[in-house]
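Report on one structure; see the data block that follows.
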């Protein structure tokens with residue numbers, strides 16, 4: 001019988017309507033986390049990865065979208081995976097670490113020994129069970145998923161230095177102006193409940209700085225201008241950087257694929273990565289067709305069961321077709337994501353790689 005202290009929970013940060021602006025106008029009607037990648041909502045991929053975590057008790061989605069926008073999906077995915085998935089709505093953005101602290105009571109209600117924290121806009125193979133094993137070996141407060149990238153692109157992310165033997169996080173800086181390392185933060189973490197103590201310490205320091213009763217009015221203005229709100233705590237600058245080199249944080253390096261889903265264009269690449277992963281792990285999710293009873297399918301393609309694709313159409317590689325789509329005779333599709341309810345015929349002018 002598993003003990004309570006062995007339970008694990010997962011938290012996925014989904015953001016809110018003020019974020020993901022580069023996905024407009026696509027995100028005006030559908031929240032960015034629910035836009036499709038490889039035939040499933042973007043947030044589905046980290047959720048399904050969490051299902052593989054041993055002793056998983058619950059999955060929490062945290063954001064500041066209205067709850068009704070996620071209600072149907074949360075109910076559906078909970079039934080599909082047979083794991084409780086809950087959406088927790090913030091009253092306002094609290095930062096990635098602040099979000100954890102804001103919902104501490106809900107996250108800790110199963111008394112988990114470990115808490116996974118994932119960003120929704122990350123595309124990777126999510127080696128979560130391996131991270132859990134590594135975290136138990138390290139014995140610190142937390143472990144970061146990291147990957148090596150080109151030196152030219154590293155400064156777009158959080159760069160870090162880790163001990164090559166112990167894997168301890170020695171130094172961390174977010175988007176530095178000068179090159180620090182080609183090892184970057186992937187936005188996937190595992191923590192022990194001690195993370196809440198670290199966040200509380202940040203809150204207390206920020207409240208102390210906000211207490212301007214004994215400073216001049218000029219100093220008060222300077223503090224207000226350069227400091228975030230006292231209830232906003234960033235994971236990178238406020239937690240990772242100060243704890244680096246203190247034997248509290250460690251790294252787990254992935255050798256597999258990783259992308260940050262910043263734009264619709266990158267989504268096309270990420271969809272291809274997930275479709276290729278389906279080919280190995282879930283080939284039943286991919287469409288087949290030779291141009292007789294079904295359309296000709298080339299490479300990795302995902303077609304929703306409700307979509308109607310004419311047998312003379314040629315689809316793929318890297319195509320994801322959503323619900324209730326209609327594809328007419330003679331249509332050729334390649335490297336694209338087709339959203340719900342779209343009708344495409346040979347006269348359709350396709351100017352983007354996302355179609356709605």
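The values are calculated or read from the model by the stated rules, or taken from the named source; none is laboratory data. Please read all numbers here as calculations on a predicted model, not as lab measurements. Note that each Cβ is placed from the backbone with ideal geometry, even for glycine, and that neighbours are counted across all protein chains shown.
Check 275, 249 and return the single one that is in contact with a helix residue (DSSP H, G or I) (Cβ under 7 Å, 6 or more places away or on another chain) and either exposed (fewer than 12 other Cβ atoms within 10 Å of the Cβ) or modelled with pLDDT of 85 or more (or both).
Only one candidate qualifies: 249.
Identify, from the list 302, 270, the residue that is outside the structural domain of residue 133 (by TED's automatic domain parsing), under 30 Å from residue 341 (Cα atoms) and in contact with a helix residue (DSSP H, G or I) (Cβ under 8 Å, 6 or more places away or on another chain).
Matching residue, one of 302, 270: 302.
Does at least one position in the stretch 337-348 carry a residue that is closer than 30 Å to residue 133 by Cα and crowded, with 18+ Cβ neighbours inside 10 Å?
Checked the stretch 337-348: no residue is closer than 30 Å to residue 133 by Cα and crowded, with 18+ Cβ neighbours inside 10 Å.
Please specify each residue of the stretch 75-89 satisfying the condition of being surrounded by 18 or more Cβ atoms within 10 Å (Cβ to Cβ) and farther than 22 Å from residue 192 by Cα.
Across the stretch 75-89, the qualifying residue is only 77.
What residue, among those in the stretch 315-332 that are free of Cβ contacts under 8 Å to residues at least 60 places away in the same chain and either surrounded by 19 or more Cβ atoms within 10 Å (Cβ to Cβ) or not assigned by TED's automatic domain parsing to the domain that holds residue 345 (or both), is farthest from residue 346 (Cα to Cα)?
Out of the qualifying residues, it is 318.
Filtering the stretch 11-28 down to residues that are in contact with a helix residue (DSSP H, G or I) (Cβ under 9 Å, 6 or more places away or on another chain) and in a loop (DSSP other than H, G, I, E, B), which residue is modelled with the highest pLDDT?
To start, the set of residues in the stretch 11-28 that are in contact with a helix residue (DSSP H, G or I) (Cβ under 9 Å, 6 or more places away or on another chain) comprises 11-15, 17, 19-23, 26-27.
Keeping just the survivors that are in a loop (DSSP other than H, G, I, E, B) gives 17, 19-20.
Working: 17: 72, 19: 63, 20: 57.
The qualifying residue modelled with the highest pLDDT is 17.
Got a sec? Which strands (runs of 3 or more DSSP E) wholly within the stretch 90-168 have at least 3 residues that are under 29 Å from residue 263 (Cβ atoms), in contact (Cβ under 8 Å) with a residue 24 or more places away in the chain and within 18 Å of the chain's Cα centre (by Cα)?
Of the strands (runs of 3 or more DSSP E) lying wholly inside the stretch 90-168, those with at least 3 residues that are under 29 Å from residue 263 (Cβ atoms), in contact (Cβ under 8 Å) with a residue 24 or more places away in the chain and within 18 Å of the chain's Cα centre (by Cα) span 114-119, 122-124, 142-148.
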